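Below is one structure, written out as structure tokens; comments come after it.
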Amino acid sequence: MKNPFSLEGKVALITGASYGIGFAIANAMHEAGATIVFNDINQEKVDLGIKAYAEKGIQAHGYVCDVTKEDQVQAMVAKIEEEVGVIDILVNNAGIIKRIPMCEMTADQFRQVVDVDLNAPFIVSKAVIPSMIKKGHGKIINICSMMSELGRETVSAYAAAKGGLKMLTKNICSEYGEYNIQCNGIGPGYIATPQTAPLREKQPDGSMHPFDSFIRAKTPAGRWGEAEDLGGPAVFLASDASNFVNGHILYVDGGILAYIGKQPQ
Ligand code: NAP
Ligand code: GCO
């Protein structure tokens, strides 16, 4: 019986995957047998990514593409199909955050976050779905967030975008499930990557960042997640093992969403 978690023979595009969560997911998918394709916003970052993958023994295919630009995305997907093959697995990972109190945030700043975190997954999904339909199968994994469910101060644009991404996930499931396309989300908890580095910086006196202590108290696992913690869940959602899982957001958060927080000692 074929291993249901195998990705042998599959082409996986992970957006924004020169480093961070996307890079870790790509590594896990490579281990499961997938051919790895990634993009980043400029050649320098793509070259860094190719080098980083090569150091892991992965011959990744890198493309320069700003995922918010539909013409660049359409051209990239066409080039990938020509040079590598039809995309079987799409991970909409590229994302940004701006931590600004809402009433101090400009409309342009709000739009920039929504553009990358919500509009881009729409644009890239729209570019890959037609070939998935022709091929008779496809997997789309949207990288959502705790902020798909919860709010917090200073992340209004990010939470709005990630909440929308949860619903875009459910809508792609609804609209394309009949073509054997499964669209699910992964909602990472607080993960130690460059994106959250400012929340973990040591204080001038060497003490822990207050947010670092806060997150550890809110997480039953008592720790920040590592990008590698997301690899297995991503392989599951990219594989035949999840062919009847659709429109689901899989939270990989160490238990944050289940926990009121450590009680005062
Ligand atoms: P990260 O370290 O900031 O990496 C984000 C990646 O996206 C970078 O490679 C970045 O490229 C790329 N990117 C940004 N804008 C792009 C664009 N317009 N076109 C193409 N690529 C673009 O973030 P991360 O922590 O790995 O997060 C990855 C995803 O997980 C994001 O969607 C984030 O919202 C989500 N997430 C993160 C956490 C966490 O705690 N870290 C938790 C939940 C969800 P450049 O370096 O060139 O800008
Ligand atoms: C923040 C963090 C979070 C994480 C993640 C949590 O400022 O609160 O950056 O948004 O990135 O999205 O799931």
For this session: Compute the long axis of helix 70-83 from its Cα atoms, compare it with the longest principal axis of the Cα atoms of the chain, and write down the angle in degrees, 0 to 90, nearest 10.
Result: 50
Exercise. Helix 43-55 versus the longest principal axis of the chain: what is the Cα-based angle in degrees, 0 to 90, to the nearest 10?
Worked result: 80
For this session: Please identify every one of the trypsin sites (Lys or Arg not before Pro) in the stretch 201-265 that sits in a loop by DSSP and has no more than 14 other beta carbons within 10 Å of its own beta carbon.
Result: Lys202, Arg223, Lys262
For this session: At most 10 other Cβ atoms within 10 Å and a DSSP loop assignment: could you name the trypsin sites (Lys or Arg not before Pro) in the stretch 1-55 that fit?
Result: Lys2
Problem set entry | Nitroxide proxy distance, nm - points 7 Å out along Cα→Cβ at Val86 and Gln195 | 3.0
Seminar exercise, completed: Quick calc, Lys69 & Asp108: beta-carbon distance into FRET formula, R0 22 Å, rounding 0.05, result 0.85
Exercise. How would you rank Thr219, Thr169, going from fewest to most other Cβ atoms within 10 Å of each one's own Cβ?
Worked result: Thr219, Thr169
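Excluding Lys10 itself, calculate the net charge of residues whose Cβ lies under 12 Å from the Cβ of Lys10, where each Lys or Arg counts +1 and each Asp or Glu counts -1. Present the calculation step by step, with values, prior to reporting the outcome.
Numbers: positive: Lys135, Lys139; negative: Glu8, Asp88, Asp240.
Neighbour charge sum, excluding Lys10 itself: -1.
Among the GluC sites (Glu not before Pro) in the stretch 110-187, which ones are in a DSSP loop with at most 10 other Cβ atoms within 10 Å of the Cβ? Mind listing them? Numbers along the way, then the final one.
On the way: sites: Glu149, Glu153, Glu175, Glu178; in loops: Glu149, Glu153.
Of the GluC sites (Glu not before Pro), the ones in loops of the stretch 110-187 whose Cβ has at most 10 other Cβ atoms within 10 Å are Glu153.
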Problem set entry | With Cα atoms, 0 to 90° folded angle of helix 156-176 axis to the chain main axis | 30
Exercise. Taking θ as phi - 60°, what are the ³J(HN,Hα) couplings along the stretch 250-261 by the Karplus curve (6.51, -1.76, 1.60), each to the nearest whole Hz, with x for Gly and Pro?
Worked result: 8, 7, 10, 10, x, x, 3, 5, 9, 10, 6, x
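Taken together, the values in this text are just the output of simple stated rules run on the coordinates, not laboratory data. Every value quoted in this text rests on a predicted model; they were computed, and no experiment measured them. Cβ coordinates were reconstructed from backbone atoms using ideal geometry, including for glycine residues, and neighbour counts include every protein chain displayed.
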